[in-house]
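Below is one structure; the comments refer to it alone.
The values are calculated or read from the model by the stated rules, or taken from the named source; none is laboratory data. Fair warning: this is a prediction, and the values are worked out from it, not measured in the lab. So basically every Cβ, Gly included, is an ideal-geometry build from the backbone, and we count neighbours across all protein chains shown. Protein only, heavy atoms only, side chains kept; ligands, DNA and RNA dropped before computing areas. Shrake-Rupley method; radii C 1.70, N 1.55, O 1.52, S 1.80 Å.
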Amino acid sequence: MLAYITKRLLSLIPVLAVVTIAIFLIIHITPGDPAAAILGMEASQEEIQKLNQDLGLDRPILEQYTSWVANVFKGDLGDSIFMNQPVSEAIAEHITPTLSLAILAQVIAIILAIPFGIIAAYKRGSIADYTLMGMSLLGMALPSFLLGLFLMLFVGVKLQWLPVAGYEPLSSGLWEHIKYLILPGISLGTIQAVLITRMTRSSMLEVLNLNFIKTARSKGLHEMKVLFKHAFRSAFLPILTVIGQTFGTLVTGAVVVEAIFNIPGLGQLILNSIARRDFAVIQGVVLVVTLMYVTINLIIDLLYGAVDPRVRLERK
């Protein structure tokens, strides 16, 4: 297992190298001058050139990149041009709302999706199966921002059950914290629930037709025991993979939902930074989100190997 973990960690090095190059190039080749944005429309060309020099933005891109990567290894993501604070501090202030939202959305998705997927597989071809699959198609076609607006109008404004927008930190109390995240969590988690439901149904259908399930039934085991102890356990690995991938998508896809519900997370931070062309913050947020995505997938990979030893052998 140690060799497997080491191999998986080493495989991340080229991935992260490519990611850092891509982040740096995409941001620096886009049109616009951050010094001009800072100084405003009335700034002279000399003032813009001097500020670019002070910020080090007039150096060759390769030199800027190597300097940035070296500082990243030291834990220094640079300083925000507009917020007048280190990027790491700005990210630390905004990462908790994003993680809280992503975790709640994932919990909502799992609670809905796995029972629905199991029921759809067990009742294959029935009205329940067709209804659940129809709902999943509708959920897949519905953009998260549109669902968010509908929930705001109906649940927040008309019924007044939950706050329409805003955010309360965990220090205000667990319910106060969660109630501001329920509507954005449903908006964000619906598409993930659809993906997990369809994967659960598909994976369960494959397992339910295998001989060991027929043998378990022939032995007179209770249907619930056959379904959950034998079938779901064997079908769980591909479902686990989808859960991991969707959680990474939740973290990266929270930008629009955070903007709609006015949640001060990483999405709001990066949108404001893009508008101001605050290079250091954009680079830092994209890098942190990428690291989170890669780490989540690594954990899922390691869980895969821990649950099924055949995976470790296949990947040696």
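The table for this structure:
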read-out	value
Solvent-free Debye scattering, log10 I(q)/I(0), computed from the Cα coordinates of region 148-215 at q = 0.24 Å⁻¹	-0.99
Nearest-ten-degree value, helix 266-276 long axis tilted from longest Cα axis of the chain	30 degrees
Theoretical FRET efficiency, 1/(1+(r/R0)^6), r = Cβ-Cβ of residue 22 and residue 170, R0 35 Å, to 0.05	0.55
Residues with amide H under 5 Å from that of residue 79, placed H, sequence gap 5 or more	87
Pairwise centroid distance, computed over Cα atoms, of region 237-273 with region 10-83, Å	25 Å
Global form of the chain, assessed from the alpha-carbon gyration tensor, a/c cut-off 1.5	oblate
Accessible-area ranking of 198, 8, largest first, probe 1.4 Å	198, 8
Order of exposure, largest accessible area first, which applies to 233, 59, 201 with probe 1.4 Å	233, 59, 201
Within a Gaussian network of the chain (alpha carbon springs, distance under 10 Å), most fluctuating of 54, 301, 76	54
Chain lengthening between residue 154 and residue 61 when straightened (0.36 nm per residue, less Cα-Cα)	28.5 nm
Selection from 184, 221, 247, by position along the positive dipole direction of the chain (Cβ)	221
Theoretical FRET efficiency, 1/(1+(r/R0)^6), r = Cβ-Cβ of residue 107 and residue 49, R0 51 Å, to 0.05	0.50
Cα-based helix-to-principal-axis angle, 127-141 vs the chain, degrees rounded to 10	10 degrees
Candidates 191, 26, 296: whichever shows maximal mean-square fluctuation once the chain is modelled as a Gaussian network with Cα springs under 10 Å	26
Lysine pairs with alpha-carbon atoms under 21 Å apart, the chain, spacing 8 or more or separate chains	8
Computed magnitude of the charge dipole of region 216-298 (debye, nearest 20; Cβ of K, R +1, Cβ of D, E -1)	500 debye
Difference of contour (0.36 nm per residue) and Cα-Cα distance, residue 210 to residue 299	29.1 nm
Exposure ranking of 257, 288 by accessible area [1.4 Å probe, largest first]	288, 257
Inter-part distance where region 276-292 and region 140-168 are each reduced to a Cα centre, Å	28 Å
The chain: calculated mean residue ellipticity at 222 nm from DSSP helix runs of at least 4, using -39500 (n - 2.57)	-24000 deg cm²/dmol
Using alpha-carbon coordinates, inclination of helix 61-73 to the longest axis of the chain, degrees	60 degrees
Nearest-10 value in Å² for the accessible area of residue 7, using the 1.4 Å probe	100 Å²
Point-charge dipole on Cβ atoms (K/R +1, D/E -1) for the chain, about Cα centre, debye to 20	2320 debye
Ellipsoid semi-axes in whole angstrom, largest first, where each is sqrt(5λ) of the Cα gyration tensor of region 67-176	39, 21, 14
